[in-house]
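The values are calculated or read from the model by the stated rules, or taken from the named source; none is laboratory data. Here the structure is a predicted model, which means the values were calculated and not measured. Using ideal geometry, Cβ is built from the backbone for each residue, glycine included, and neighbour counts are taken over all protein chains shown.
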Amino acid sequence: MNAKIWAALLAVYLVWGSTYLMIRFVVETLPPFFSAGLRFVVSGVILLAWRRLSGDAVPTLRQWRSAAIVGTLLLLGGNGLVCWAEQTVPSGVAALIIGAVPMFLVIADALRPNGVRPTLRVLVGLLIGFMGIYLLVGPSVFSDGMPLNMSGVAALLLASLLWAVGSIYSKTADLPKTALMTTGAEMLAGGFALLVVSVLSEQWSIFSLTQVSTDSWLALVYLIVFGSMIGFASYAWLLQNAPISLVATYAYVNPLVAVFLGNWFAQEPLTPRILSASTIIIGAIIFMNSSQASRAKLVAERGASK
């Protein structure tokens, strides 16, 4: 494997793994839906302008509609809820729960019309994976002295489900032909949806720009430049130049990167419970995907966001 593939793979591993920590810093002083909306509107405009200058066709009205549906499910339902949850849930724990998206993909794919029914091996993997989630967020006997906010946990589980539904829908949706143009359209549409929710739900009467910390602004810039631009550009290049099975490994690595970065830079606890749950959840996903090449391809094609 050549150096370019390794460099791009490391960029996806580290950059996307670090987005959970950056989100935690952003929402310390910025409203979660507003900051996510601002991030994706800016990123979407830049991506769309870049691809138009490169010669990509402007999306049709039908493609914009599809991009709006996918962008709303992935970015408002997925990323927006992650931002909201990280006000109360450690970034590493959030990454582990979102890392279970492949399990929700299996469920969503099985429930859709003419969907793919899971094999016995996949069902066993699902059972093991949800046992890992239960260990992570379950009763106080597992808490290691660190009880989790259940509203935040519920939001993360819902975010995983909505991300899976959006990913499944995108398989048959009419979207622009190039990955970056599609992503730009989804980011712009999803970003506007986030801003609408922000206007309707967040407490603007008590918000002031003067109270936003430098750390939050820097983290937001990082998410725009690295998380949305460099990370995805590296990911899109890998899809064209590396085996899908290799690209899909980001789904296993990102949660671990997030857990350790949260511990190192935000003093988030790294307990035996979290380490055990990490091993179980990630191991279950690897177990399922090892016999489901098509699942791995789906996960790789519809990567987060991060």
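Contact list please: Cβ distance under 7 Å, first residue in segment 36-57 and in contact (Cβ under 8 Å) with a residue 24 or more places away in the chain and within 17 Å of L195 (Cβ to Cβ), second residue part of a helix (DSSP H, G or I) and of a type in the set (V, I, T), pairs at least six apart or on different chains.
R39/I224; V42/I224; S43/I224
State all residues of segment 95-118 that are over 10 Å from the mean Cα position of the chain (by Cα) and closer than 13 Å to S160 by Cα; if no residue qualifies, say none.
Selection gives L96, I97, A100, P102, M103, F104, L105, V106, I107, A108.
Given the structure, is S208 at pLDDT below 90 and within 24 Å of E28 (Cβ to Cβ)?
So S208 fits the description; yes.
If a residue has to be out of contact with any Lys or Arg (no Cβ under 7 Å at 6 or more places or on another chain), under 25 Å from E86 (Cα atoms) and modelled with pLDDT under 85 to count, how many in segment 103-148 make the cut?
10
What is the number of the single condition among (1) surrounded by fewer than 19 Cβ atoms within 10 Å (Cβ to Cβ); (2) among the small types (G, A, S); (3) in contact (Cβ under 8 Å) with a residue 40 or more places away in the chain that A110 does not meet?
(3)
Going through L48, L30, L21, L14 one at a time, which residue ends up being farther than 30 Å from Q267 by Cα and either of a type outside the set (S, T, Y) or modelled with pLDDT of 95 or more (or both)?
Checking each option against the conditions leaves just L48.
Can A68 be described as more than 15 Å from the chain's Cα centre (by Cα), assigned to a helix (DSSP H, G or I), surrounded by fewer than 19 Cβ atoms within 10 Å (Cβ to Cβ) and in contact (Cβ under 8 Å) with a residue 60 or more places away in the chain?
Yes, satisfied.
L157 - would you say it is at pLDDT 90 or above, surrounded by fewer than 14 Cβ atoms within 10 Å (Cβ to Cβ), out of contact with any helix residue (DSSP H, G or I) (no Cβ under 6 Å at 6 or more places or on another chain) and not in a loop (DSSP other than H, G, I, E, B)?
no
I'm told L10 meets every condition in (1) without any contact (Cβ under 8 Å) to a residue 12 or more places away in the chain; (2) not in a helix (DSSP H, G or I) except one. Can you identify the failing condition by its number?
(2)
Can you find a residue that is surrounded by 14 or more Cβ atoms within 10 Å (Cβ to Cβ), of a type in the set (S, T, Y) and modelled with pLDDT of 80 or more anywhere in segment 294-306?
No, there is no match, as no residue in segment 294-306 is surrounded by 14 or more Cβ atoms within 10 Å (Cβ to Cβ), of a type in the set (S, T, Y) and modelled with pLDDT of 80 or more.
Among the residues of segment 100-125, how many are within 16 Å of A159 (Cα to Cα) and either among the β-branched types (V, I, T) or outside any helix (DSSP H, G or I) (or both)?
Number satisfying all stated conditions: 4.
Would you be able to say whether some residue in segment 168-186 is crowded, with 23+ Cβ neighbours inside 10 Å and of a type in the set (D, E)?
For segment 168-186, residues crowded, with 23+ Cβ neighbours inside 10 Å and of a type in the set (D, E): present.
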